[in-house]
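Participant: Got a structure for you, questions after.
The values are calculated or read from the model by the stated rules, or taken from the named source; none is laboratory data. Since the model is a prediction, treat every value here as computed from it, not as a measurement. Note that we place each Cβ from the backbone using ideal geometry, even for glycine, and neighbour counts take in every protein chain shown. Remember, those area values only see protein heavy atoms, side chains included, never the ligands or the DNA or RNA. Shrake-Rupley method; radii C 1.70, N 1.55, O 1.52, S 1.80 Å.
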Amino acid sequence: MTAPARPRRPAPRPFFVVAGVVAVAMTVWSAIQIDFTLAPFFEGNPRAWGIVQQYLTPNWAFMAQVWPQWLETLLMAVIATFAGALLGLVFALMGSHTSNRSPWFLRVVRAILSVLRSLPEIGWAYLMVAMVGIGSLAGVLALVIFNMGIIAKLTSETIDAVDRGPLEAADAAGASTMQRIVAAVLPQVWPGYFSYVLYVFEINLRASAIIGMVGAGGIGSVLNVERARFNYDNVSAVVVGFIVIVIVLDVASQTLRKRLM
């Protein structure tokens, strides 16, 4: 008895073939338009090895000297996360059709959230430094605005996907909008919301290294000064310390997420 023939592999759909060709063509066209080339990477920089040597020999003593800036960065992240999380939850409730029954107000809130997400954290940092001056206040305000956009976006999508059963029960009982939110919406979104808050806290720690370079306080200001002075051994020490702190916090937040979800 002969074995049954193996079924033929289905041919790729024309859509995916066309999409792949278009993606490759657009990538090549984009590279040509900006004169993209890897030649400088292979040619190298005469000063590159000296810089690399400094990075490979971090000045660990410098870590203790910048401890106040590390603490400032951590405190900025905590304050910005707390304020951004509270405001983000409010905007999330106003930006979901499940908890906001006014169509025109819903459109206005979603437009505001789109504006908040349109700029990265460094863009808001530039604006806040211009408004309130150099320092940690500018950094906290920039992170709060950035956090509001992220948390409101993610939480509003979670609210839109909640189970409709409790909502219908609340409506049948004659609950007001606020009672409906407290009894039927929030209990379903708390795990996801707290997960988003932890995620934003991680982002704030990473972003502090960037916004500090434009005068928004924290360890980023130290990195900017040491880089300008060509003290790459000091920069390397700060970068290594930054990586260790972020990894530790990432592991801790993952553990908390598993308990929350």
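Participant: Could you rank Ile150, Ile79, Ile219 by how accessible they are, 1.4 Å probe, largest area first? Before the final figure, lay out the partial values.
Facilitator: Numbers: Ile150 30, Ile79 95, Ile219 0 Å².
The most accessible residue leads, giving Ile79, Ile150, Ile219.
Participant: Also: How far apart, in nm, are the 7 Å Cα→Cβ label points at Arg47 and Met63?
Facilitator: 2.8 nm
Participant: Can you find, among Asn224, Asn59, Gln254, the residue sitting farthest towards the positive end of the charge dipole of the chain, where Lys and Arg contribute +1 and Asp and Glu -1 at Cβ?
Facilitator: Checked the options; the winner is Gln254.
Participant: Still on this structure: Divide the volume of the convex hull of the Cα atoms of segment 137-199 by its number of residues and quote the answer in cubic angstrom per residue. The partial results should precede the final answer.
Facilitator: Numbers: hull volume 5.3 nm³, N = 63.
Roughly 84 Å³ of hull volume per residue.
Participant: While we're looking at this one, here's another question. For a Förster distance of 45 Å, can you work out the FRET efficiency between the beta-carbons of Val18 and Met131, rounded to the nearest 0.05? It would help to have the intermediate numbers written out before the result.
Facilitator: Values: r = 49 Å, r/R0 = 1.08.
So the FRET efficiency works out to roughly 0.40.
Participant: Dipole of the chain (Lys/Arg Cβ +1, Asp/Glu Cβ -1, origin at the Cα centre): which of Leu143, Val197, Val185 lies farthest to the positive side?
Facilitator: Highest projection toward the positive end goes to Val185.
Participant: Size of the dipole of the chain about the Cα centre, Lys and Arg at +1 and Asp and Glu at -1 on the beta carbon, nothing else charged, in debye to 20? Mind showing how you got there, number by number?
Facilitator: Numbers: 18 positive and 13 negative charges, 165 e Å.
Using Cβ point charges on Lys, Arg, Asp and Glu, the chain gives about 800 debye.
Participant: For the chain, with the dipole built from +1 on Lys and Arg beta-carbon atoms and -1 on Asp and Glu ones, taken about the Cα centre, which of Gly88, Tyr126, Phe242 lies farthest toward the positive end?
Facilitator: Among Gly88, Tyr126, Phe242, the one farthest towards the positive end of the dipole of the chain is Gly88.
Participant: Enumerate the helices in the chain for which the Kyte-Doolittle hydropathy averages 0.5 or more and the C-alpha atoms extend at least 18 Å along the helix's axis, using complete DSSP H runs.
Facilitator: Taking the DSSP H segments of the chain (at least 18 Å long, mean hydropathy at least 0.5), we get 14-33, 67-94, 103-118, 136-160, 186-211, 232-260.
Participant: On to the next question. Using the alpha carbons of segment 99-165, what is the convex hull volume per residue in cubic angstrom, as a whole number? Don't skip to the end; give the middle numbers.
Facilitator: Numbers: hull volume 6.1 nm³, N = 67.
Measuring per residue, one finds 90 Å³ for the Cα hull of segment 99-165.
Participant: Let me ask another. Multiplying the sequence separation of Leu119 and Asp35 by 0.36 nm and subtracting their Cα-Cα distance, what value in nm do you get?
Facilitator: On the way: separation 84, 0.36 × 84 = 30.24 nm, distance 2.69 nm.
So the chain would gain 27.6 nm between Leu119 and Asp35.
Participant: Here is a further query. Taking 0.36 nm per intervening residue step and subtracting the Cα-Cα distance, what contour gain separates Phe230 from Ile245 on full extension?
Facilitator: Computed gain between Phe230 and Ile245 is 3.0 nm.
Participant: Now, a different point. Shape verdict for segment 24-142, please, from the Cα gyration tensor: rounded (a/c under 1.5), prolate (a/b greater than b/c) or oblate.
Facilitator: Working: a/c = 3.14, a/b = 1.36, b/c = 2.30.
Cα axes put segment 24-142 in the oblate bin.
Participant: Hey, of (i) 18.5; (ii) 21.4; (iii) 22.3, which did the structure itself give for Kirkwood radius over Cα pairs in Å when calculated?
Facilitator: Of the listed options (i) 18.5; (ii) 21.4; (iii) 22.3, (iii) comes from this structure.
Participant: Cα gyration tensor of segment 205-261, axes a ≥ b ≥ c as square roots of the eigenvalues: rounded (a/c below 1.5), prolate (a/b > b/c) or oblate?
Facilitator: On the way: a/c = 5.77, a/b = 2.19, b/c = 2.63.
Oblate, because a/c is 1.5 or more while a/b does not exceed b/c.
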